[in-house]
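The values are calculated or read from the model by the stated rules, or taken from the named source; none is laboratory data. The model shown is predicted, which means the values in this text are computed figures rather than measured ones. Neighbour counts run over all protein chains shown; Cβ positions are idealised from the backbone, glycine included.
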Amino acid sequence: MIDLKFKTIYDVDLKGKKVLCRLDLNSPVDDNKKLRDDLRIKASSATIKALKDTKLVILAHQGKYGDKDFIPLKQHAERLAEILKPQKVTFVDDLLGDKAIAAIKAVNVGEVLVLDNVRNFRPDNDEVPIDDCAKTELVQKLAPLFDYFVVDAFGAAHRSQPSVVGWPTILAGPVVMKEIEALKKALDNPKRPFVLLVGGAKALDKYKALKYNVEYNIADKVLVAGLTAQMLYEGMGKMLGDANRKVFEKDLDKAGVGVIPFMKSHADQVILPVDFAVEKDGKRVEIPWNESLKTNAPIMDIGPKTLEMFKKEIAGAQTIIANGPPGMFEKPIFGKSTTELIDAMVAATARGAYTIIGGGEFGEAAEKSGKADKISWISTGGGAMLEFMSGKWLPLFVALERSYSKFPAKK
Ligand code: 3PG
């Protein structure tokens with residue numbers, strides 16, 4: 001049972017104050033480095049609206065340092081400006097330097113300043129022990145410039161990183177409040193059977209979360225697609241070919257030999273694909289899983305037999321949590337399973353099941369399908385949502401609880 005004590009922006013009088021607000025604006029990015037979707041930006045605009053009487057500075061991440069989707073936050077600021085019109089939203093291409101500090105000092109009430117990608121600060125790309133976060137340069141330099149700190153980045157709540165948990169005191173905002181309320185419904189006493197579907201990238205994070213879910217009997221079944229499924233096959237010594245392995249190799253090294261005993265003892269609960277769709281000469285080719293080594297073409301989607309298996313499990317479930325798309329739906333020929341599993345979840349919701357889709361990309365697919373409002377909840381959390389659903393106490397929760405008693409009540 002989640003019982004988190006925390007203060008929110010509605011508990012403190014923030015009018016006229018200088019507020020630093022950590023949001024999760026991390027969005028899917030296309031090959032031309034353009035934002036493909038604005039689900040999290042839209043959700044975060046509610047926080048900014050609620051803070052309209054403050055001198056507001058936004059801190060957020062996009063991708064990880066060195067990754068393909070690691071880009072400045074300029075486009076995010078432009079999108080926020082469109083959504084929040086006529087409110088003034090500006091972007092400064094600096095995070096900690098003189099330019100950023102001058103821009104922070106110049107923010108007036110009602111204005112919004114977006115600082116550059118917080119992952120330019122390297123420690124914010126890794127896990128930092130929570131008690132060390134306050135000592136980092138990011139916090140030491142920025143904290144003295146502000147009266148209050150808001151962390152409404154639910155999607156980053158599982159990260160023990162300075163920008164998330166390092167501030168002297170922390171208030172939550174509407175995004176964190178709504179996520180906790182919606183996810184608690186599934187976590188406290190879920191209706192069974194409880195099916196978890198994982199796909200997409202970040203194979204190691206998802207493996208850890210699904211392992212926890214299975215070992216603690218939270219989910220009855222886990223349907224595994226995407227890079228996590230591929231990593232698990234390789235982890236069991238079943239080779240899929242170089243074209244695929246290179247994408248999740250580092251994650252597999254970290255997952256280690258523990259994959260074999262885990263998969264052996266939970267074979268009936270963890271359902272792996274029996275077939276895949278690969279890309280060959282720009283076409284979709286469907287093959288049994290054990291032919292991918294021969295083909296050595298990139299796996300882009302689950303195959304038709306797997307899709308039917310997954311749909312059957314969803315049809316029999318009462319709680320369905322999905323995180324990460326099962327295929328590379330950005331390319332329409334590989335969007336089949338993503339579309340059909342969203343439809344299966346819409347049908348499940350209509351017959352009374354509780355359904356959640358999480359993670360930037362699956363959320364994007366649900367929005368694009370035009371059926372997002374027929375799913376019980378579209379979460380802005382990817383890994384954060386999965387860890388929350390595993391019953392883990394997230395670093396942001398620790399920081400919020402520590403802050404709880406430090407705030408006087410609103411007069
Ligand atoms: C997400 O995409 O799940 C969140 O924005 C967190 O991103 P991260 O996995 O890069 O920390």
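Filter segment 10-29 for residues that are surrounded by fewer than 21 Cβ atoms within 10 Å (Cβ to Cβ) and not in a strand (DSSP E or B) and give the result.
10, 11, 12, 13, 15, 16, 17, 28
When you scan segment 263-278, do you find a residue that is hydrophobic (A, V, I, L, M, F, W, C), surrounded by 15 or more Cβ atoms within 10 Å (Cβ to Cβ) and free of Cβ contacts under 8 Å to residues at least 24 places away in the same chain, even just one?
Yes, some residue in segment 263-278 is hydrophobic (A, V, I, L, M, F, W, C), surrounded by 15 or more Cβ atoms within 10 Å (Cβ to Cβ) and free of Cβ contacts under 8 Å to residues at least 24 places away in the same chain.
Mind checking which pairs have a first residue in segment 373-386 that is among the aromatic types (Phe, Trp, Tyr) and a second that is away from the ligand (no atom under 16 Å from the Cβ), Cβ under 6 Å, 6 or more apart or different chains?
Pairs that qualify, where the first residue is among the aromatic types (Phe, Trp, Tyr) and the partner is away from the ligand (no atom under 16 Å from the Cβ), are 377/182.
Considering (1) part of a helix (DSSP H, G or I); (2) away from the ligand (no atom under 16 Å from the Cβ); (3) buried (at least 24 other Cβ atoms within 10 Å of the Cβ), say which one residue 176 fails and leave the rest.
Of the numbered conditions (1) part of a helix (DSSP H, G or I); (2) away from the ligand (no atom under 16 Å from the Cβ); (3) buried (at least 24 other Cβ atoms within 10 Å of the Cβ), the odd one out for residue 176 is (2).
Can you run down the residue pairs with Cβ atoms below 6 Å, 6 or more apart or on separate chains, where the first is in segment 38-54 and within 19 Å of residue 17 (Cα to Cα) and hydroxyl-bearing (Ser, Thr, Tyr) and the partner is in a helix (DSSP H, G or I) and within 16 Å of the ligand (Cβ to nearest atom)?
Listed by first residue and then by second, the contacts come to 47/175.
Quick one: which of 174, 162, 193, 168 is within 30 Å of residue 101 (Cβ to Cβ), more than 20 Å from the chain's Cα centre (by Cα) and modelled with pLDDT of 95 or more? Write out each step before concluding.
Numbers: 174 fails: more than 20 Å from the chain's Cα centre (by Cα); 162 fails: more than 20 Å from the chain's Cα centre (by Cα); 193 fails: within 30 Å of residue 101 (Cβ to Cβ).
Testing whether each residue is within 30 Å of residue 101 (Cβ to Cβ), more than 20 Å from the chain's Cα centre (by Cα) and modelled with pLDDT of 95 or more leaves just 168.
For segment 336-381: of the residues being surrounded by fewer than 21 Cβ atoms within 10 Å (Cβ to Cβ) and closer than 21 Å to residue 29 by Cβ, which is nearest to the chain's Cα centre (by Cα)?
Across segment 336-381, the extreme among qualifying residues is 378.
Within segment 329-411, which helices (runs of 4 or more DSSP H) (wholly inside it) include 2 or more residues that are more than 16 Å from the ligand (Cβ to nearest atom)?
Details: elements: 336-350, 360-369, 383-389, 395-404.
Counting at least 2 such residues, we get 336-350, 360-369, 395-404.
Could you list all residues from segment 192-214 that are assigned to a helix (DSSP H, G or I), away from the ligand (no atom under 12 Å from the Cβ) and surrounded by fewer than 22 Cβ atoms within 10 Å (Cβ to Cβ)?
208, 211, 212, 214
Run residue 189 past the list (1) in contact (Cβ under 8 Å) with a residue 60 or more places away in the chain; (2) in a loop (DSSP other than H, G, I, E, B); (3) out of contact with any Phe, Trp or Tyr (no Cβ under 9 Å at 6 or more places or on another chain) and report the number of the one that doesn't hold.
Residue 189 satisfies all of (1) in contact (Cβ under 8 Å) with a residue 60 or more places away in the chain; (2) in a loop (DSSP other than H, G, I, E, B); (3) out of contact with any Phe, Trp or Tyr (no Cβ under 9 Å at 6 or more places or on another chain) except (1).
Taking segment 256-279 only, how many residues are assigned to a helix (DSSP H, G or I) and modelled with pLDDT of 95 or more? Give the derivation first.
The initial filter retains those residues of segment 256-279 that are assigned to a helix (DSSP H, G or I), namely 256-265.
Okay, now just the ones that are also modelled with pLDDT of 95 or more, so 259-265.
Total satisfying the criteria: 7.
Considering only segment 112-171, state which residues are among the acidic types (Asp, Glu), within 13 Å of the ligand (Cβ to nearest atom) and touching a Leu at 6+ places or on another chain (Cβ under 8 Å).
As a first pass, look at segment 112-171 and keep what is among the acidic types (Asp, Glu): 116, 124, 126-127, 131-132, 137, 147, 152.
Then keep just the ones that are within 13 Å of the ligand (Cβ to nearest atom); that gives 124, 126-127, 152.
Answer for segment 112-171, where residues must be among the acidic types (Asp, Glu), within 13 Å of the ligand (Cβ to nearest atom) and touching a Leu at 6+ places or on another chain (Cβ under 8 Å): 124, 152.
Counting only residues that are farther than 15 Å from residue 171 by Cβ and touching a strand residue (DSSP E or B) at 6+ places or on another chain (Cβ under 8 Å), which one in segment 45-71 is nearest to the ligand (Cβ to nearest atom)?
Filtering first and then ranking leaves 63.
Based on this model, can you work out whether residue 64 counts as more than 25 Å from the chain's Cα centre (by Cα), of a type in the set (D, E, K, R) and within 26 Å of residue 30 (Cβ to Cβ)?
Details: more than 25 Å from the chain's Cα centre (by Cα): no; of a type in the set (D, E, K, R): yes; within 26 Å of residue 30 (Cβ to Cβ): yes.
The answer is no for residue 64.
Report every pair of residues separated by at least 6 positions or lying on different chains whose Cβ atoms are under 9 Å apart, first residue within segment 56-69 and over 18 Å from residue 91 (Cα atoms), second of a type in the set (Ser, Thr, Tyr).
Pairs that qualify, where the first residue is over 18 Å from residue 91 (Cα atoms) and the partner is of a type in the set (Ser, Thr, Tyr), are 69/27.
Give the number of residues within segment 355-411 that are on the phi > 0 side of the Ramachandran plot and modelled with pLDDT of 95 or more.
Going residue by residue through segment 355-411, those that are on the phi > 0 side of the Ramachandran plot are 359, 370, 391.
Within this subset, residues satisfying the condition of being modelled with pLDDT of 95 or more are 370.
The qualifying residues number 1.
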